[in-house]
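Take a look at the structure below.
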Amino acid sequence: MDSTWALVSGLIGGLGLFLLGMGMMTDGLKLAGGYALQHILATGTSTRKRAFASGFAITALVQSSGAVAVAVIGFINAGLLDLSRSLWVIFGSNVGTTMTAWIVAVIGFKVKVEILALPAVGLGTLLYIFSGHIRRKSLGGALAGLGLLFLGLQLMQQSFSGVEQHIDLSWIRPDSIWHLLAMVLFGILLTALMQSSSASLAIVLTAVSTGMLPLMVGAAAVIGANIGSTVTALLAVLKASANARRLAGAHVVFNLIAAAIAFVLLTFFLTLVEMVREALKLDAAPAVSLALFHTVFNLVGVLAMIPLSDRLTRFLQGRFHSQEEQASRPKYLDRVTAEVPDMAIKALQLEQQRMMRKLGELLHDASQATLGSKTPEARFVVSQLISAINDFIADCSRRALAANVAQTLQQALRINTRSATMIESLRELREHEITISTLPDDLATAVIKLRELVERLANSGQELAKQDAKALTALLHDFEKQYDTGQALLIEAGSNGRIDMRKMENCSQYLSLLRRATRQYTKGLIGLLRQQTPEQAPETPPKTSREKPLGPIPEAQPEPVVEKSAEPKPPG
């Protein structure tokens, strides 16, 4: 009874020290090298090869595929990395996790506790406690974690050396496919229960190194541990973003393909591993062969993904759509519609009406000074929708078109350009938000009236069919007059000292950005009305001396901080 308890406590204690050491080492390395991780991902993912190498190198250094996945998701969400290249970062990260097996096999079982592990714990702890610099403190934690990891491995090895006296595993036959499948399942369950493939690998490697399990049986358990690591990834992204779920899906597909190939060709792989081990003159220890096997079959999985990655990318892009992505997908546009010009024009008009309703909601929020936390997501939705409409227009333009259809497409593209300018103006507007109560009374009244006109124009896009181009033009004329009034009052308040210059500049920027967003939105509405009722083409909106011709790109030039214009010209 005492010997059994000593065995169980040794295994549990050794595993606990290993997990604690691995966690401390990973956390310390992530904090110490966090900037380097981001820098490598930002600059080293321009091609598939570089993305793979970056994923491998970072994971091998920080011993955390989770940290790499989190960074990759952040880069995708920020638009700095597309899904195709991010998959190769994840593939490289999967291969990078095999370095844990090498640490255990090559170093872990040969470390003398009194020479390396204990001094590492002591020095690392001292550095962690007494260092005031965050990076040195983190490196101290990583060093202490490495020492604890080795201590845990030694304790597990000592416990496993006596297991065969209490548990008879000779019935597990390497030549039985059912026994091997059982070991694969054991590896999956072990990893899923402990939520750590590194811990399950350490247990399997320890069992093989002590002779408790044959090499082929241990290899089957390693395959299972590789599959089991996907359980952790799936649990972590159940309520995560769409991009996180796509990356988890890629992780699952990669591990299943690599595991299937390794299991079907298990005998061949082990023979290949022995040939490679002898060629590289590596130690003949079973744990080294098992670590090499783990690396080889993951590399073969990468080779298998080369012809499949594009299809996998397309498949994943069609899955796990977030609410924002669903809203940003075109409702009326598709490739079939683009084949028929008349259908394409009608679908394009419906989609742009939908887009203008969303823009009107954003402008309405701006008029009410309610640019809240959901505004960036709403801007993202409209920006994605603008890009999708532009792609549809480009697809239609590749075909032979009648002159009137080509002209309608040009007008639609002009509306999209104005919409993109409006989105950028609203983004900048949030940086110059003003508080009405802090303004002089006459200026505050002018700004309130201006916002009321903005609200009326913003609401015009909700029921476009009921709008009249002349009425919109007149309302825009009133808005321009009120804008000039507000700017004149602002300059007068600044010159008389009723408002300080910094506040005056900020308020002027606010008014200019609000004017630009409102004007571009209203001109987009009038453009849509022109498309729908060409026989009743609306008059051109009023121009002022401030207005510049719109270029072919969506980004408009910023307007002067303080501006004074001539009276708007009457329509016509």
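What follows draws every value from the coordinates through simple rules; no lab data is involved. The shown structure was predicted, so the numbers you read here are calculated from the model rather than taken from an experiment. Glycine also receives a Cβ, built like all others from the backbone with ideal geometry; neighbour counts cover every protein chain displayed.
For this structure, a couple of remarks:
- Cα→Cβ-extended label distance, 7 Å offset, between Glu463 and Asp478, nm: 1.8 nm
- Per the Kirkwood formula applied to alpha carbons, region 325-536 shows a radius of gyration over Rh ratio, Rg over Rh, of 1.04.
- Taking 0.36 nm per residue of sequence separation and removing the Cα-Cα distance, the His432/Leu282 pair yields an extension gain of 47.5 nm.
- Inter-site label distance for Arg456 and Ser84 at 7 Å from Cα along Cβ, in nm: 5.0 nm
- Fully extending the segment from Asn496 to Ala182, taken as 0.36 nm per residue of separation minus the present Cα-Cα distance, adds 104.4 nm.
- For the residue pairs Lys481/Lys523; Lys346/Lys466; Lys331/Lys358; Lys346/Lys470; Lys358/Lys523; Lys49/Lys281, alpha carbon separations beyond 21 Å are given by Lys346/Lys470; Lys49/Lys281.
- Rounded to whole numbers, the Karplus 3J(HN,Hα) couplings from phi for region 381-395 are 4, 5, 4, 5, 5, 4, 4, 5, 5, 4, 4, 5, 4, 4, 5 Hz, using 6.51 cos²θ - 1.76 cosθ + 1.60 with θ = phi - 60°, and x at Gly and Pro.
- Annotation for Ala388 and Gln410: the two label points, set 7 Å from Cα along the Cα-Cβ direction, are 2.8 nm apart.
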